[in-house]
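The values are calculated or read from the model by the stated rules, or taken from the named source; none is laboratory data. This structure is a prediction, so every number in the text was calculated from the model and none was measured. Because the Cβ atoms are built from the backbone with ideal geometry, glycine has one as well, and the counts that use them run over all protein chains shown. These accessible areas exclude ligands, DNA and RNA; they are computed on the full protein's heavy atoms, side chains included. Shrake-Rupley method; radii C 1.70, N 1.55, O 1.52, S 1.80 Å.
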Amino acid sequence: MLRQLGAAPLARGRVALTRSTPTIRTLSCSSAARADDATTPSPAGDSVAPTEPAKPKLVFRKIYKKQKETDKKADTKADKKAVEETDKLAAAQKKFDYELGRLKNDIAQLRDSNQKLRRDKGALRLDIVNLKKLTGASATRAVQDKVALLELYEKIAKEAREFKAGTPQSVEVVDGQQLVITLAQPDGTTKQVAMSLHWLRDTCKCPHCVNPDSGQKSFSSTSLPEALEVQSAEVNAADGSITIVWANDTVSTNATRETTTHTSTYDASDIFTWQLPYDLAGNLLPVERTLWDRSKLQAHIDSGDLRVSYNDWLTSDAAFWEAFESLARFGILFVHSIPSDRALVESQVEKIANRIGILMHTFYGFTWDVRSKPRAENVAYTNVFLGLHQDLMYIDPPPRLQLLHCIANSYEGGESLFSDGARAAYSLELNNPAAFDELRGNRSPQFHYHRNGNDYHMGRNTFRYAGRTGQGNGFLSRIHWAPPFQAPFSRQTGATATNVLGNRVIQDGGGGAYAEGEHSTVVEEKGRNMTKWVPAAKEFEREISAEENMFELKMKEGECVIFDNWRVLHGRREFETEGQAEGAERWLKGTYISHQVYKAVEDKLQWRLAQKEGGIPLAIGVAEAHGLGWKERGQLPQKEAPKEETTAPVQAEEAPKTEENPKVEETPKTEEAVKPEGAQNEGPSRQPEEQLGTVNWNA
């Protein structure tokens with residue numbers, strides 16, 4: 001057909017037809033570049049010979065080359081546009097990450113600022129729930145009044161003192177899940193208590209379920225079947241116990257194919273605990289403490305309340321429990337009249353400590369000697385002044401009790417110092433709440449010990465509280481104060497390391513760290529650092545080192561002091577070692593008791609005290625949440641110093657007189673009192689002997 005129209009055949013070209021002429025024109029394209037034999041048709045038709053294709057061929061290649069350059073430019077432009085889009089996405093992602101980091105930072109700051117408010121709200125709800133539970137009434141206003149809290153505490157304490165357990169009359173299995181016990185109450189009424197069958201089976205104390213020698217269970221709670229079968233259950237009228245026979249039992253050690261039943265007996269003591277209003281296992285409220293200053297402690301020592309003889313401590317149960325109660329309440333106790341036989345003297349502190357329980361082992365051993373020696377690994381083993389402190393704050397938990405038996409003390413000086421850290425803390429709460437809150441919440445202080453292959457490090461807040469604080473509420477559970485063993489503070493700002501993901505790791509000022517990507521700008525804002533802690537710590541230091549608060553005595557041979565290392569701060573004055581009489585020395589033998597051992601004995605004391613009144617002990621959380629448990633806490637004196645500070649700026653011309661105020665002069669004197677090393681008779685100036693807290697052992 002193309003030939004009829006006058007067009008020559010083309011290998012790879014395209015043709016176009018026009019109405020004005022039958023001529024067919026070749027259109028240039030990229031594929032036509034490969035058709036080197038393409039020709040231009042003659043206008044006369046097929047009889048005309050083909051012409052030379054040279055010029056159209058050159059023009060065609062030029063057009064193709066231009067098209068190729070155009071395509072290349074288009075590709076470059078597309079690549080550039082793609083790169084620009086990628087950069088825009090990266091910038092948007094970076095901005096998103098930045099905004100996300102700021103948002104996380106804001107959330108963290110908001111969480112920190114609202115933490116105290118949430119605690120107060122939670123404690124308030126606890127107050128309302130307790131009041132509603134005990135009185136059946138709904139609180140119409142916030143229960144924040146101290147009188148109302150005290151009344152609530154007294155009501156709970158009264159119910160505990162008057163608690164009487166009932167006697168089981170009958171038992172019945174209900175729904176195959178519970179054992180309902182009907183109890184006859186002392187007032188003639190009846191009460192029902194429902195016990196889970198699985199719990200009863202799991203707590204069986206027979207020799208087949210609990211090893212009689214070790215006291216350990218012989219089966220796991222996970223071995224109990226989903227459904228338990230009770231063959232029989234009855235009350236033993238003779239002793240008031242309850243016996244349950246379990247059918248198809250496969251748990252105990254005596255279970256065989258022939259023996260498919262198991263008998264569990266629950267005695268009166270078990271049934272007694274089932275009736276308690278709250279769980280007391282390891283949950284007893286500590287004995288109520290008594291705060292003291294120098295004069296009060298001196299008075300109780302002189303009266304004999306805080307003194308016990310060596311023989312009575314070891315041989316008399318009545319004397320031991322009376323003395324231990326004084327130790328729990330005051331945090332300090334003196335044992336006197338210890339035999340001075342040199343062959344046995346080094347073991348006496350072990351005997352005194354073992355009356356309470358096993359000794360706590362540390363890197364110093366079970367016992368240790370406090371003697372002045374060259375190149376001492378501990379400042380206590382020197383003759384320099386040792387400021388008020390607590391021991392082993394770098395160990396968690398620190399020792400609870402410390403015992404120091406005086407074997408010899410003939411050097412001039414070396415008086416022992418003691419101060420009630422709890423009283424100082426509560427006095428600070430009353431007179432300087434801002435400093436109190438800082439020491440309670442700031443965990444920047446670090447304690448460490450790195451000697452002789454021992455590496456210990458721990459960050460702690462100065463005051464540790466349980467329950468809520470503020471407005472006289474909260475329960476002080478521990479003091480942390482040990483300037484001689486204080487480690488450098490964490491760096492105030494900046495990163496300290498890089499983690500495996502490449503994020504900088506930043507210290508939070510409390511012994512912890514976080515990745516920079518999690519809180520991008522929190523370093524300066526969140527870190528509670530040295531600059532915030534030191535001013536508040538100075539206020540606490542003034543309290544513990546004040547003359548009216550610090551008790552001082554020079555221990556004599558045959559005396560041993562036991563004190564609560566979580567509460568009572570101790571120190572020592574410098575003593576002279578040169579120019580002394582031949583044979584003169586200062587030698588104390590010491591040991592520690594752990595918190596677990598102490599707590600076990602204090603729980604026994606609580607039960608003894610409760611039995612005297614015929615009731616049960618209080619559970620921790622009942623009074624602790626309301627700040628009760630420290631006797632005379634609300635009777636501490638309120639100082640007048642803040643009033644003087646407010647009036648001073650008004651009378652500007654009297655500013656020089658303020659510098660001459662004796663109270664201002666006491667500040668550097670008190671600061672020197674806690675210097676750990678190199679101090680020469682520093683600290684509070686010594687007073688005449690009759691004005692200090694000396695002990696009259698003949699009283």
Inter-label distance, nm, simple model (7 Å from Cα along the C-beta direction), His336/Glu548: 2.8
What does the extension gain come out to for Glu350 and Arg161, with contour length at 0.36 nm per residue minus their alpha carbon separation? 64.4 nm
Would you mind computing, in nm to one decimal, how far apart the modelled labels at Ala584 and Ala487 are, each placed 7 Å from Cα along Cα→Cβ? 4.0
With Thr222 itself left out, Lys, Arg at +1 and Asp, Glu at -1 over residues whose Cβ is under 15 Å from its Cβ give 0
Cβ-based charge dipole, segment 541-590, positive-most Cα from Leu569, Ala546, Gly590: Gly590
Which whole-Hz couplings ³J(HN,Hα) result when phi for each residue of segment 197-207 is put into the Karplus expression 6.51 cos²θ - 1.76 cosθ + 1.60, θ = phi - 60°, listed in order with x for Gly and Pro? 5, 5, 5, 5, 5, 5, 9, 4, 10, 5, x
What distance in nm separates the simple spin-label points at Ser220 and Thr263, each placed 7 Å from Cα in the Cβ direction? 3.0
Hey, if we sort Thr182, Thr260 by accessible area with the 1.4 Å probe, largest down, what's the order? Thr260, Thr182
What figure in square angstrom, to the nearest 10, would you give for the accessible area of Ser264 with a 1.4 Å probe? 0
Between Ser309 and residues 5 or more places away or on another chain, the pairs with built amide H atoms under 5 Å apart involve His336
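Report the local net charge at Asn549: Lys and Arg +1, Asp and Glu -1, summed over other residues whose C-beta lies under 12 Å from its C-beta.
Details: positive: Arg294, Lys296, Arg423, Arg542; negative: Asp293, Asp420, Glu541, Glu543, Glu547, Glu548, Glu552.
It works out to a net charge of -3.
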Carbon and sulfur atoms: what percent of the 1.4 Å accessible area of segment 252-331 do they account for? 46
